[in-house]
């Protein structure tokens, strides 16, 4: 039986995806991580292709997946406006700033977004998955938890970056 290359790649990827989904199976929530999350994070970290990445827990697969990629031209305001007002999310944000010595620097923030209006169940699932998922993202320098946009203002990012 002759398989086409696309079919073989699809089979291999689905097998790898199942393996990667198991990585978080020992977290309190049993939620897994899709390999694309790590790949996109590495692109943000090393190639600086994105300003931010927003992740969500997909209910059907019970895995963390990429929800939105923010282009490098997008702003902090675009980032905060992209977070839902009634559901939790994980996110990473590449924050650029200038030091007092006039040096350009950057810090990668991990943001746990848990608005007051999110359901209790979602808050619990995200909270119990956060630490394990955060450890999967090697290179995060600052961690931040927010329940409203004011808790992740530019002033807070600036204070936490130094």
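Every number in this text was worked out from the coordinates using simple rules, so none of it is lab data. As the structure is a prediction and not an experimental result, all values here were calculated from the model. Here the Cβ positions follow ideal geometry from the backbone for every residue, glycine too, while neighbour counts run over all protein chains shown.
Contact map, the stretch 116-131: residues that are crowded, with 19+ Cβ neighbours inside 10 Å paired with residues that are in a helix (DSSP H, G or I), Cβ distance under 7 Å, separation 6+ or inter-chain. Pairs shown: 129/24.
Results for (1) surrounded by fewer than 18 Cβ atoms within 10 Å (Cβ to Cβ); (2) assigned to a loop (DSSP other than H, G, I, E, B); (3) in contact (Cβ under 8 Å) with a residue 40 or more places away in the chain, shown as yes or no for each residue.
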position	(1), (2), (3)
38	yes, no, yes
52	no, no, yes
66	yes, no, no
79	no, no, no
90	no, no, yes
96	yes, no, no
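Of the residues making up the stretch 132-150, those that are surrounded by 13 or more Cβ atoms within 10 Å (Cβ to Cβ) and assigned to a helix (DSSP H, G or I) number 5. Determine if the stretch 98-115 includes at least one residue that is in contact with a helix residue (DSSP H, G or I) (Cβ under 8 Å, 6 or more places away or on another chain) and assigned to a loop (DSSP other than H, G, I, E, B). Yes, because at least one residue in the stretch 98-115 is in contact with a helix residue (DSSP H, G or I) (Cβ under 8 Å, 6 or more places away or on another chain) and assigned to a loop (DSSP other than H, G, I, E, B). Within the span defined as the stretch 43-50, every residue fails to be under 17 Å from residue 152 (Cβ atoms) and surrounded by fewer than 21 Cβ atoms within 10 Å (Cβ to Cβ).
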